[in-house]
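Written out below as structure tokens is the structure these notes cover.
Just so it is clear, none of the values below were taken in a lab; they were calculated from the coordinates. On a predicted model such as this, the values are computed, not experimentally measured, just so you know. Here the Cβ positions follow ideal geometry from the backbone for every residue, glycine too, while neighbour counts run over all protein chains shown.
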Amino acid sequence: MRQSGEEQHDEDAGVDTHGLPDAAALDAGDPLARYKNEFVITDSDVCYLDGNSLGRLPKRTVDIVHRYLTEEWGSELVAGWSHWIDEAQRVGDLIGGAALGAASGQVLAVDTTSVNFYQLCDAAIQARPGCTKVISDTANFPTDRYILEGLCERYGKQLVLIDDESGEGYVTPEMLVAHLDDDTALVTLSVVQYRSGALHDVRELTRIAHASGALIIWDASHAVGVVDLQLDHDEVDLAVGCTYKYCNAGPGSPAWLYVNKHLQQSLRVPIQGWFAQRDQFAMGQGFVRADDLRGFQIASPSIVGMRCIEASFSMIVEAGLPAIAAKAALGTDMMVRLHDAWLAPLGFELITPRDATRRGGHVTLRHSDARQISVAMREMVKVIPDFREPSSIRLAMSPLATSFREVSDGFARIRDLVASGRYREAGPPASRVT
Ligand SMILES: Cc1ncc(COP(=O)(O)O)c(C=O)c1O
């Protein structure tokens, strides 16, 4: 993982006369500013600070999907499969090269993060049959913890969840060392913690897991497309992630899985689908697994999903992850400073690390009235955050789609909403999605 701090930027270049970030100056000097116009924006007054949950719709996606519908599916019909059949590998290579630091032949664009996580965790546990322990952390994303609980119950393994009591909710090398021993089959963590926004030290934690003989799986859902991941360089074994957050490929777009070349022959995923069969179209009796990455593919890829990924990743390729990560660092720094100046006096507390090299693209603020404030933000002042139990509001800089002005305006509206007490007039949430 290359740290965003390695990309040079002068933190004081965009500061106004009050010592606060100057949004206009930052936007004027932003090499990625033009990309905002590449997204469909139906209400220019909305401050969309939830790109860590679902990215905006790229205009090029509309054209590319339309062309796919009419020129591929519509006219080619089943003949299209002659060139769609290996799309999971081709689009996987695109994701790997653009955003993961992965050489070709190691990334598949398939299924969902949850399914991919299940597949790889099962494979990793089976690869260390003599070991009884699986390690993760209490702050990990729920689907990861629930899947691990199920797997450990089924295979009679002990699930150890590291609990960071410091409040920042992440696992330091020292914490992992304290829990790890040669009885550990698997360590699995998120690169960026979904709740606190803290960024793990991928290289060091991977090295520590390997030193005790364990495999490691990284869930990069909150990092891909905003952190300059270097999975090959960091000697990561296995990783999964989505494409609908900072990668902007759309709700429910296909996820990806990464299997380092050195593990592709030895690991076996539990679902033996026909795409993993060595001679797929012989359609013979008996499963004979493909030796390479295709051995990890279950089934037909969603081609409309592939086109969404291609469209949105073409922007990531053009912009480059180092520039994207550098803007995320500046944007989250702006949020930290505006929090300190405007929101801390109103009862907010920052729980994301202050060091830009230790966070991803979002910051998380705690407030005792966070639930009602987040409803009021959406409904009264057009600032879109998300809320996480029990009292966290997450706010993101999604570098291709978000301007510094949007961040600054959003924070000013939160300040005014809370200072006036007007947020108390907001009703209950309109949806069970927070
Ligand atoms: C870190 C992390 N892992 C896994 C998931 C689950 O993704 P999916 O529902 O696409 O399987 C999410 C969803 O937001 C996530 O944030």
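Quick notes on this structure:
- Per-residue Cβ neighbour rank within 10 angstrom, fewest leading, K36, K261: K261, K36
- Cut-off 10 Å between beta-carbons: net charge of the residues surrounding Y118, Lys and Arg +1, Asp and Glu -1: -3
- Cβ-derived FRET efficiency at R0 25 Å, A28 paired with V317, nearest 0.05: 0.50
- Summarising the amide proton neighbourhood of F39: residues at separation of 5 or more, or on other chains, whose placed amide H is nearer than 5 Å comprise K59.
- Per residue Cα convex hull volume in Å³ - calculated over segment 62-317: 118
- Where only DSSP H runs of four or more residues are counted, the chain gives -10000 deg cm²/dmol as its mean residue ellipticity at 222 nm, each run worth -39500 (n - 2.57).
- Cα-based Lys pair tally, the chain, threshold under 30 Å, eight or more apart or on separate chains: 14
- Between amide H atoms placed 1.01 Å from N, distances below 5 Å from G101 occur with L231, all of them 5 or more places distant or on a separate chain.
- Rough spin-label spacing in nm, given labels placed 7 Å along Cα→Cβ, for E76 and V433: 3.1
- Computed over the chain: relative contact order in percent, which uses C-alpha pairs under 8 Å that are six or more apart: 23
- Global dimensions of segment 237-300 from alpha-carbon coordinates: Rg and Dmax equal 13.7, 43 Å.
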